[in-house]
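As structure tokens, the structure follows; a few thoughts come after it.
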Amino acid sequence: MKGLGYAEGRNLMVVRDEYLDDPLSEGTLAHELTHIQDARQLLGRTRLPSFLAEGRALVIGHAYRMALGQRENSYDARMAASAATFSAEDAGRLLRDYRGAGWDNKAVGTFLVEYMRVGWNGGTPDVLARLSRMVEAMGGGEDFDAAFRKEFGRRFGDLRRDFARFLDATKGEPEARLEGTMWRNAGRRPRTNARAKQAFPAFSQASPPNPPSPACGLRGIRPPRRRWWERTQPRRIAGTARSA
């Protein structure tokens, strides 16, 4: 079996039994169901660029875990560390490989979706809904570039260029780069409801699928002793990484 879980085609999802005891598996289930839904909408006619398919699914998986009351964990910290250190050259290479795989492919796709939500064109809070409509249009016969432009009003090449400029402008400034993203509050521990406390020990803020900003509504939260992205280094690996 490849990895801890995977989806194949329109109907098959496989997850290792022992992995289901890991809270991270909740995000994996949402992640893989996103791939199944994409396959059903695309009808085998075409494929999303792999970085966008993985990035969108990872954002949805993260949002689902946070909605359950889970705290961000070492997987999220590794993903954030990659986002904080990508160069414009890294992104340019990865975002031109529509069939790429591995950790960097997943990480750059996830950060690209978050950049669209938080910053691109002033921010697109409903980016996940728009990407879903784009997938539906592709299933109806439109190619990726045409469907992207129809939904977002600009070409994908414009997004790639703007993202590279953003990475250049925030090089060496992780706080500025990650401001407003789903990783911005990693390591912070707000109060949780009783149900969440029963299920998990102590968790960070929920992040719904299309929030205006994950940083909204946080009060009385102590910052971590060290900046959370300094507690880990990006771990880039080849092949299949755990989906969250």
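The values are calculated or read from the model by the stated rules, or taken from the named source; none is laboratory data. What you see is a predicted model; the values in this text were computed from it and never measured. We place every Cβ from the backbone using ideal geometry, glycine too, and count neighbours over all the protein chains shown.
At a glance:
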| quantity | calculated |
| --- | --- |
| Any hit, segment 76-89, residues being closer than 24 Å to residue 36 by Cβ, buried (at least 23 other Cβ atoms within 10 Å of the Cβ) and within 15 Å of the chain's Cα centre (by Cα) | yes |
| Tally of residues being over 26 Å from residue 92 (Cα atoms), over 10 Å from the mean Cα position of the chain (by Cα) and at pLDDT 90 or above across segment 43-69 | 6 |
| Residues (surrounded by 16 or more Cβ atoms within 10 Å (Cβ to Cβ) and free of Cβ contacts under 8 Å to residues at least 12 places away in the same chain) located in segment 140-169 | 142, 149 |
| Helices (runs of 4 or more DSSP H) fully within segment 124-170 counting 3 or more residues that are of a type outside the set (Asp, Glu) and in contact with a Phe, Trp or Tyr (Cβ under 7 Å, 6 or more places away or on another chain) | 127-139, 156-169 |
| Qualifying positions in segment 93-123 - under 15 Å from residue 158 (Cα atoms), more than 14 Å from the chain's Cα centre (by Cα) and buried (at least 16 other Cβ atoms within 10 Å of the Cβ) | 95, 119, 120 |
| Out of 72, 89, sole residue that is acidic (Asp, Glu), at pLDDT 95 or above and closer than 28 Å to residue 175 by Cα | 89 |
